[in-house]
Amino acid sequence: MKKLINHVDTVLAESLHGFAAAHADIVTLDPGLQFVRRRTLKRGKVALISGGGSGHEPLHTGFIGHGMLDAACPGQVFTSPTPDQMLAAAHEVETGGGVLFIVKNYSGDMMNFQMAAEMLERDNETVIINDDVAVENSTYTTGRRGVAGTMIVERIVGAAAERGDGLAALKALGDAVNKSTASMGVALTSCTVPAAGGPTFQMGAEEMEMGVGIHGEPGRRRVKLTSADDIAAELTGAVLKDLSLKRGQEVVLLVNGFGGTPLMELYVMTHAANKVLAAAGIKPVRVLTGSYVTSLEMAGCSITVNAVDAAMLALWDDPVHTAALRWRM
Amino acid sequence: MKKLINHVDTVLAESLHGFAAAHADIVTLDPGLQFVRRRTLKRGKVALISGGGSGHEPLHTGFIGHGMLDAACPGQVFTSPTPDQMLAAAHEVETGGGVLFIVKNYSGDMMNFQMAAEMLERDNETVIINDDVAVENSTYTTGRRGVAGTMIVERIVGAAAERGDGLAALKALGDAVNKSTASMGVALTSCTVPAAGGPTFQMGAEEMEMGVGIHGEPGRRRVKLTSADDIAAELTGAVLKDLSLKRGQEVVLLVNGFGGTPLMELYVMTHAANKVLAAAGIKPVRVLTGSYVTSLEMAGCSITVNAVDAAMLALWDDPVHTAALRWRM
Amino acid sequence: MIHDQLIRAATQILIDHVDELTALDQAIGDGDHGLNMRRGALAIQSKYDELAAQSLNDALKTMGMTCMSTIGGSSGPVFGTLLVTLGKELPAEPQAADLARALDASIKALTRLGKAEVGQKTLLDVLEPVRMLLTTSSEQGAALVARVRQCAFDSAEATAQMDATRGRSSFLGDRALGHVDPGSRSMALIIGAICDVLLAAR
Amino acid sequence: MIHDQLIRAATQILIDHVDELTALDQAIGDGDHGLNMRRGALAIQSKYDELAAQSLNDALKTMGMTCMSTIGGSSGPVFGTLLVTLGKELPAEPQAADLARALDASIKALTRLGKAEVGQKTLLDVLEPVRMLLTTSSEQGAALVARVRQCAFDSAEATAQMDATRGRSSFLGDRALGHVDPGSRSMALIIGAICDVLLAAR
Ligand SMILES: Nc1ncnc2c1ncn2[C@@H]1O[C@H](COP(=O)(O)OP(=O)(O)O)[C@@H](O)[C@H]1O
Ligand SMILES: Nc1ncnc2c1ncn2[C@@H]1O[C@H](COP(=O)(O)OP(=O)(O)O)[C@@H](O)[C@H]1O
Ligand SMILES: [Mg+2]
Ligand SMILES: [Mg+2]
Ligand SMILES: [Mg+2]
Ligand SMILES: [Mg+2]
């Protein structure tokens, strides 16, 4: 295992310290490392709290800030945070508007967030993200997994929270964005969890894992590596089929790298995905290409399509200022 | 070789098409693929043109836009663009203020840009970037190589051009920023040039290349992989030594990933670099952590320190709107 | 007090098997199960003095809360809820029938929490056969303990056959077949370690 | 006209050796030299009809401009300048002494362009020994051609020993020692291919 680390037991803590120092204008790190929070809170605004296992950076800490999250709870690598973390975060960033938890649909995350939600003595709701169309039921997930679409929900709901929408409206919006968002990914190499010391899975020199999860979990099938166009056709095709979009539909397209993929290849995939969308008469009105929801150093990418309406698109475009996503401010 | 591509001969073209589509609000792609230019030009402003071999994305195309470059000429992977490309770009984006070329110090880039500069019948100057302190003379480079510091020069000079500074002033500023900027990198794995089909160099399972170049060129020495703290101490130490900074000096710190390094590790390195700076009494007033000047999928990172004065820092903070760097607009 | 030894044995066995548990979770999951269990086991071991001074019931609750606040993932809430429920339901000096009742309550609590049911390749598929055995077996004492031990290991092994036909990994089809569920293996290791202490104490 | 054959041979040899040239550049450079030379060679081959209709001088200039506008990297300007200079300096029917003079002019142009001097492990370390040989050798005809051929290959090989002591790769120290300079190898291949055609034509 080759990593720029000091010790497997201190990676997370040191990484959080580095993150907090680099973005001290936006975030504050809880001294107990339970959560990262937005530096400046807005009284009465609904507090958006997300979190999950680490190793998906910039998700979630990189999306804390104006127009997105108020706090994120980082678990160990690929391990859901504990309820204590969510409670500590909620007590710190809830300012009267209640709490909206944004949770990816893994049984670990679901159980830990649910326990926190039950213990929290403030108004709260939970939006569950399950955008991965690759496998209907994956290992330890009841139903579909939550993957890159999470950041789209965090962005749109974050903008609505920022303008002052209430808890019930945000919960409804979050569910609606989740429902109109679908993703699927492919891996060319495995990731290596630092403490595990070796790759999560073995793959032949010419193989790819089609429909892989963001923890390196198996997907639909292991097949021979094919061309960017073929891969884009399968990923985008599965996503469009799931959403059953009509011609002329406007979408946000996210071509997301898993951590070890050069930007050059992500733009090749963007071009390939655009061709698929064009053929289906779907209009990508916003395109985001980059490594936003990663699996450590895994090579590969996912394609996410979010069918936006005018209201969602306006929220998407609203000012945002986080470590990993920033515009108009 | 595992890559998300269609064919090695079309990677560059398809990647440029994907890039241009994703950022159509900022850039336009020359139909002959000679250059990428800023969508909206500002009459009379000095045109900033950079370029170089591809495979370092987001450098340089990702830095086209308000407050940075006017055009970038993408060569083949790791190969300088040809003089035709620079001439075509200059003819397109020069609007009366002359042209400032920003060139990394490799003999290929130097010769091709120099030929273009000689043929161009408009006022022009060239700023040469040579921030890499690893090797005084590297293969095919007379003097030091130009690496991640390039983006710092492009940002600061870009801001000055945007506010209307003239050609001579920009040339002087560019030289000054270059002189106050130093970098050094380390590689944990090799990159693979698509058309070459295999890794540029072989490295043992426990080795690292200390002082590596951004094309996978050899650096100071091949040694056993050590801890993030030790690596940061060597990289940051070399950089500080080169700049011979006084205690209390304010700097911009750039912790740059080479393409295959997880953000989690880059933040561990940021934390480690901050400790070295603190011990030396150097103050990182701005910190940038991310993969900005890459070598395809190479794992590793570089540390860049730019000793800023108040004027440079104000320019750094000015609004910028490019694909890869954006703030305050 | 024997529960000191039980706690020591049950936590140490997890630490000793961290690589095996990691490998099992890498095969069909995300590879963190070994580390999760080790983290929980170490957290419990660090409270060893406190636990030794507590009653069995309080020690179970303390361990459950420790799991919940230190492990994370699925294992944290699952093992946490299991331990807390056992701590609530067991009498001070539990017999086989008491244990069966407390396990029944635990299984119900886990299903409420995690929506998984018996037969879906989770540690419930170890707990339920053990509960059944305790309810129905005519044996007692050392013979029963030995049967429980065997039942736990066999049931964990049996989870390997659970994926292909139904349940939460059905889309993996053949690919999960043959792989033991990591949480079930942990559960069996814990039960096995407890049984070994009980057998040795006789 | 013989220059058709020369062009065909000199470009084809580069295409045939692309992997070797890549490997040489991977060892001490950035690995693109093979692809750069192939790109230039293919661009020249695509102009084959145009070149066949031109005089030797014009063909050299056309090829030089083609190198400059299609290759990029160091090789583009370097081979481009070399060819353009030869095109300017050579008489219509060049003899050995003419070639020596034109090479001298080319080496000077290259030093002006790229600041490299003889002895710094570039293709100048092939051009200069060949120029010297042409100036000083008492041989003529086939014997001279054969000597030039050998000189080019030997000189390219000799660049392997150039790094450790001085020059532009001095910081690589021992690490570049033993590696042939890729551009020198290309230059030798081109010269070798030309000599082979000349020898066969006799
Ligand atoms: N909903 C559930 N109910 C009961 N046990 C579960 C549930 N989900 C997972 N488990 C158990 O947890 C184990 C996985 O734990 P672990 O790998 O630590 O967490 P995660 O699955 O979150 O990565 C599984 O092997 C299974 O036995
Ligand atoms: N300044 C120079 N003058 C003459 N030849 C040079 C110079 N720099 C490089 N070369 C030649 O070019 C070759 C490298 O070409 P290539 O790999 O195609 O370009 P790059 O070095 O830009 O990647 C070297 O092997 C050397 O022979
Ligand atoms: Mg997990
Ligand atoms: Mg090159
Ligand atoms: Mg797991
Ligand atoms: Mg080269």
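With respect to residue D:40, is the statement that it is closer than 29 Å to residue B:190 by Cβ, in contact with a strand residue (DSSP E or B) (Cβ under 6 Å, 6 or more places away or on another chain) and within 14 Å of chain B (Cβ to nearest Cβ) true? Against the criterion (closer than 29 Å to residue B:190 by Cβ, in contact with a strand residue (DSSP E or B) (Cβ under 6 Å, 6 or more places away or on another chain) and within 14 Å of chain B (Cβ to nearest Cβ)), residue D:40 does not qualify.
How do the helices (runs of 4 or more DSSP H) wholly within the stretch D:42-149 filter down when requiring 3 or more residues that are over 21 Å from residue D:8 (Cβ atoms) and away from ligand 6 (no atom under 16 Å from the Cβ): which remain?
Values: elements: D:48-52, D:56-70, D:75-89, D:96-114, D:124-136.
Result: D:75-89, D:96-114, D:124-136.
Of all residues assigned to the stretch D:107-114, at least one qualifies as being away from ligand 4 (no atom under 16 Å from the Cβ), more than 25 Å from residue D:34 (Cβ to Cβ), free of Cβ contacts under 8 Å to residues at least 60 places away in the same chain and more than 14 Å from every other protein chain (Cβ to nearest Cβ).
Condition first: without any contact (Cβ under 8 Å) to a residue 60 or more places away in the chain and either among the aromatic types (Phe, Trp, Tyr) or within 23 Å of residue B:11 (Cβ to Cβ) (or both). Now tell me which residues in the stretch A:210-232 satisfy that. Step through it out loud before you land on a result.
Here is the first cut: in the stretch A:210-232, the residues without any contact (Cβ under 8 Å) to a residue 60 or more places away in the chain are A:221-231.
Answer for the stretch A:210-232, where residues must be without any contact (Cβ under 8 Å) to a residue 60 or more places away in the chain and either among the aromatic types (Phe, Trp, Tyr) or within 23 Å of residue B:11 (Cβ to Cβ) (or both): A:223, A:224, A:225, A:226, A:227, A:228, A:229, A:230, A:231.
Hey, can you tell me all the residues within the stretch D:23-37 that are in a helix (DSSP H, G or I), facing chain B (nearest Cβ under 8 Å) and within 8 Å of ligand 4 (Cβ to nearest atom)? Across the stretch D:23-37, the qualifying residue is only D:36. In this structure, residue C:126 qualifies as modelled with pLDDT of 95 or more and β-branched (Val, Ile, Thr).
Residue-wise test of (1) surrounded by fewer than 24 Cβ atoms within 10 Å (Cβ to Cβ); (2) at the interface with another protein chain (Cβ under 7 Å from one of its Cβ atoms); (3) at pLDDT 95 or above.
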residue	(1), (2), (3)
A:218	no, yes, no
A:243	yes, no, yes
A:247	yes, no, yes
A:271	no, yes, yes
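Among the residues of the stretch A:167-202, those that are over 24 Å from residue A:296 (Cα atoms) and hydrophobic (A, V, I, L, M, F, W, C) comprise A:167, A:168, A:169, A:170, A:172, A:173, A:176, A:177.
For (1) closer than 20 Å to residue D:71 by Cβ; (2) of a type in the set (Phe, Trp, Tyr); (3) surrounded by 24 or more Cβ atoms within 10 Å (Cβ to Cβ), each residue gets a yes or a no:
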site: B:105; (1), (2), (3): yes, no, no
site: B:110; (1), (2), (3): yes, no, yes
site: B:129; (1), (2), (3): no, no, yes
site: B:143; (1), (2), (3): no, no, no
site: B:147; (1), (2), (3): no, no, yes
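Yes or no: the stretch A:127-141 includes at least one residue that is more than 16 Å from ligand 4 (Cβ to nearest atom), of a type outside the set (Lys, Arg), over 30 Å from residue C:39 (Cβ atoms) and within 14 Å of chain C (Cβ to nearest Cβ). Taking every residue of the stretch A:127-141 in turn, at least one turns out to be more than 16 Å from ligand 4 (Cβ to nearest atom), of a type outside the set (Lys, Arg), over 30 Å from residue C:39 (Cβ atoms) and within 14 Å of chain C (Cβ to nearest Cβ).
State yes or no: is residue A:295 at pLDDT 95 or above, within 9 Å of another protein chain (Cβ to nearest Cβ) and in contact with a Cys (Cβ under 6 Å, 6 or more places away or on another chain)?
Values: at pLDDT 95 or above: yes; within 9 Å of another protein chain (Cβ to nearest Cβ): yes; in contact with a Cys (Cβ under 6 Å, 6 or more places away or on another chain): yes.
So residue A:295 fits the description; yes.
Pick from A:205, A:228: which is more than 19 Å from the chain's Cα centre (by Cα), within 8 Å of another protein chain (Cβ to nearest Cβ), among the aliphatic types (A, V, I, L, M) and surrounded by fewer than 16 Cβ atoms within 10 Å (Cβ to Cβ)? Result: A:205 is the single residue among A:205, A:228 that is more than 19 Å from the chain's Cα centre (by Cα), within 8 Å of another protein chain (Cβ to nearest Cβ), among the aliphatic types (A, V, I, L, M) and surrounded by fewer than 16 Cβ atoms within 10 Å (Cβ to Cβ). Every residue in the stretch C:52-82 that is of a type in the set (A, V, I, L, M, F, W, C), within 14 Å of another protein chain (Cβ to nearest Cβ) and buried (at least 19 other Cβ atoms within 10 Å of the Cβ), please. Correct list: C:67, C:68, C:71, C:78, C:79, C:82. Of (1) within 15 Å of residue A:147 (Cβ to Cβ); (2) out of contact with any Lys or Arg (no Cβ under 7 Å at 6 or more places or on another chain), residue A:52 satisfies all except one. Which? Result: residue A:52 fails condition (2) only.
Tell me, which residue of the stretch D:67-91 that is of a type in the set (Ser, Thr, Tyr) and within 15 Å of the chain's Cα centre (by Cα) is farthest from residue D:43 (Cα to Cα)? Give the derivation first.
Initially, the stretch D:67-91 is screened for residues of a type in the set (Ser, Thr, Tyr), giving D:69-70, D:74-75, D:81, D:85.
Among the residues that remain, those that are also within 15 Å of the chain's Cα centre (by Cα) are: D:74-75, D:81, D:85.
On the way: D:74: 17, D:75: 14, D:81: 16, D:85: 19 Å.
Among them, the one singled out is D:85.
Within the stretch B:1-29, take every residue that is within 7 Å of chain A (Cβ to nearest Cβ) and aliphatic (A, V, I, L, M) and give me the one that is surrounded by the most Cβ atoms within 10 Å (Cβ to Cβ). Filtering first and then ranking leaves B:4.
Could you grab me the full set of residues in the stretch B:246-270 that are part of a strand (DSSP E or B) and free of Cβ contacts under 8 Å to residues at least 60 places away in the same chain? Quick ask: steps written out before the conclusion?
To start, the set of residues in the stretch B:246-270 that are part of a strand (DSSP E or B) comprises B:250-257, B:259.
Those that are part of a strand (DSSP E or B) and free of Cβ contacts under 8 Å to residues at least 60 places away in the same chain: B:251, B:253, B:255, B:257.
Each row is one residue, and each column tells you yes or no for (1) more than 10 Å from every other protein chain (Cβ to nearest Cβ); (2) free of Cβ contacts under 8 Å to residues at least 40 places away in the same chain; (3) closer than 22 Å to residue A:312 by Cα; (4) within 12 Å of ligand 1 (Cβ to nearest atom).
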position	(1), (2), (3), (4)
A:55	no, no, no, yes
A:59	no, no, yes, no
A:76	no, no, no, yes
A:85	no, no, no, no
A:94	yes, no, no, no
A:101	yes, no, yes, no
A:107	no, yes, no, yes
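Scanning the stretch C:85-104 for residues that are in contact with an Asp or Glu (Cβ under 7 Å, 6 or more places away or on another chain) and either surrounded by fewer than 16 Cβ atoms within 10 Å (Cβ to Cβ) or among the aromatic types (Phe, Trp, Tyr) (or both) yields one hit, C:91.
Is it true that residue A:273 is within 20 Å of the chain's Cα centre (by Cα), in the same structural domain as residue A:234 (by TED's automatic domain parsing), on the phi < 0 side of the Ramachandran plot and not in a strand (DSSP E or B)? Judged against the criteria, residue A:273 is a match. Could you list, in sequence order, the residues of the stretch A:172-201 that are crowded, with 20+ Cβ neighbours inside 10 Å and outside any loop (DSSP other than H, G, I, E, B)? Within the stretch A:172-201, A:173, A:174, A:177, A:178, A:181, A:182, A:183, A:184, A:185, A:186, A:187, A:192 meet the criteria. Considering every residue within the stretch A:3-18, establish whether at least one is assigned to a strand (DSSP E or B), in contact with a helix residue (DSSP H, G or I) (Cβ under 6 Å, 6 or more places away or on another chain) and in contact (Cβ under 8 Å) with a residue 24 or more places away in the chain. Within the stretch A:3-18, none of the residues are assigned to a strand (DSSP E or B), in contact with a helix residue (DSSP H, G or I) (Cβ under 6 Å, 6 or more places away or on another chain) and in contact (Cβ under 8 Å) with a residue 24 or more places away in the chain.
The values are calculated or read from the model by the stated rules, or taken from the named source; none is laboratory data. Since this is a predicted model, take the numbers as computed values, not measurements. Note that each Cβ is placed from the backbone with ideal geometry, even for glycine, and that neighbours are counted across all protein chains shown.
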